[in-house]
Amino acid sequence: MTQLPPVDQARLCQVNRRLRELYGVPQPFPPADPLDELIATILSQNTADRNSERAWQRLRARYRCWEEVLDADPEELYEVIKPAGLGRIKAQRIQAVLDVVRRQRGCFELGFLCRLPLEEARQWLCALPGVGPKTAACVLCFACGLPALPVDTHVYRVSRRLGLIPAGVSVEAAHRLLEGALPAQDVFAFHINMIRHGRQICQARRPRCERCALSDLCAYYATWQRTTQEPEAAGLHATE
């Protein structure tokens, strides 16, 4: 495994504390069924929440059990989950996952994951077709209550801008870096609060730096200040 750069623990601690002051300490979600969470997370890949939620509701309304989903005609399943986008890929992925689960477990039940050590449970999930670190982390965090950190687009963007992770670190590597640097009891709150901050303040196209309570800790803001102020300073010197 490639050696990852260390996380700035002092900065991470400050960010985590500041986020809790801003947004509070979110309460864990009510426990979900791990297989339900897994399929719902597959539907949510590369799409907006409203689209994946619509596809999930259509899926549960059309099929009474996971056996029916596995045995469904792939084209029919595609039409059912089409609102989630990438429907044919996700239909194939869902049926492949259900097939592996039934063959390996003899049923459609993944509650055993919640009783495994975190890394063992993660490895089991990541061995499934189309399941990567984020999907696995969502299942383990939201359904099993384990301290797995899902790094979605908001968590990744805000972490890079703040300088918590270097620019060259991939999303996959960011899971291991950030999760390993946080106390287990802080992982869920950090995930939720980073998403809130990414949606409300540190947006992708137009970050609201002037309203950000983390600007003094932010590498992106420091760079932005230098690039906007230096031309003005150069102009003043030219007229002296």
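Some points to look at:
- In Hz, Karplus ³J(HN,Hα) per residue of segment 155-169 (6.51, -1.76, 1.60; θ = phi - 60°; x = Gly, Pro): 4, 5, 5, 5, 4, 5, 5, 6, x, 5, 10, x, 4, x, 7
- For the chain, the solvent-accessible area of protein heavy atoms averages 53 Å² per residue (probe radius 1.4 Å; ligands and nucleic acids excluded).
- Disulfide-incompatible cysteines by the Cβ rule (no partner under 4.7 Å) in the chain: Cys13, Cys65, Cys107, Cys126, Cys138, Cys141, Cys202, Cys209, Cys212, Cys218
- Once backbone amide H atoms are built at 1.01 Å from N, Phe29 has no partners under 5 Å, excluding neighbours fewer than 5 places away on the same chain.
- Unit charges on C-beta of K, R, D, E only; dipole of the chain, Debye: 360
- The accessible surface of segment 74-129, taken with every protein chain in place and a 1.4 Å probe, is 52 percent carbon and sulfur.
- Charged-residue dipole, Cβ positions (Lys, Arg, Asp, Glu), segment 37-124 about Cα centre, Debye nearest 20: 160
- Here the sum of -39500 (n - 2.57) over DSSP H runs of 4 or more residues, divided by the residues of the chain, equals -18500 deg cm²/dmol at 222 nm, to the nearest 500.
The values are calculated or read from the model by the stated rules, or taken from the named source; none is laboratory data. This structure is a prediction, so every number in the text was calculated from the model and none was measured. No Cβ is skipped: glycine too gets one built from the backbone with ideal geometry, and neighbour counts run over all protein chains shown. We work out accessible area using only protein heavy atoms, side chains counted, and drop any ligands, DNA or RNA first. Shrake-Rupley method; radii C 1.70, N 1.55, O 1.52, S 1.80 Å.
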